[in-house]
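Report on one structure; see the data block that follows.
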Amino acid sequence: MEHVGRLSRHPNVVSLLAYYCSKDEKLLVYEYMPSGSLSAALQGGGGALDWESRLNVAIGAARGVAHIHSEGGAKFIHGNIKSSNILLRGGLDGCISDLGLSPMLTGYSDVKYRVAGYRAPEVIEAKKAATHKSDVYSFGVVLLEMLSPVRYPGYEKVVDLPRWVRSVVGEEWTAEVFDVELIKQGGVEEELVQMLQIAFCCVAKVAEARPSMDEVVGMMERVRHPDVENRPSSEDNGQTP
């Protein structure tokens, strides 16, 4: 847990302040985040989150996951990335929460602990252990959730969001993928498509085809700063939206 505490010392990771572990009880005390979660903000209609705000939240959360992966090493996995675990700091900066919770809940029912819709296919179908690449997949689902009108209210109701988005895009109805609140803004269509391409890279069915979280941060930064060259293209990692 000392290692988890050190990893949480990052602007985009919710700080672990204290912990208690005994035979009968395990407690983790995290920094209080009064602005709530990305999930709650999106389920509230999304009106408070315009495109710029959503992009800021996504980039912040991506930086947090990238930090966890780079500083934690190959064996340190978050294991439960979802929109309800992305909390909002003042100014709508995204922060990853529940760092350190996954190892403490080893053996706990995956049905209640993890929303299946965020889990990578190799974890569900091949029963493989979670890796950095499965975290990337989960983050890609969060991006799709942020872009689309589809929400994951809880584990009771599971939607295969990547499959749904691929089917809609495959029918050449790409505009139908996006949240109407974003389309109403106008002037953001190109950035929405670019972010959709990044999300598709993240949810590639083959784990090895997915980018690292550092690469995801770089791609999203280029969406925010269009003067930077090498924007993501539909050919990235063989994903075609």
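Computed quantities for the displayed model
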{"read-out": "Relative contact order of the range 2-223, defined on C-alpha pairs under 8 angstrom at six or more residues apart (%)", "value": "22"}
{"read-out": "Ranked Glu122, Glu172, criterion: other C-beta atoms within 10 Å, fewest first", "value": "Glu172, Glu122"}
{"read-out": "Footprinting exposure proxy for Val150, Val4, Val180 (fewest neighbouring C-beta atoms within 10 Å first)", "value": "Val180, Val150, Val4"}
{"read-out": "Cα→Cβ-extended label distance, 7 Å offset, between Tyr19 and Arg151, nm", "value": "3.3"}
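We did not get these values from a lab; they are worked out from the coordinates using the rules stated. Please read all numbers here as calculations on a predicted model, not as lab measurements. Cβ: placed from backbone, ideal geometry, glycine included. Neighbour counts: every protein chain shown.
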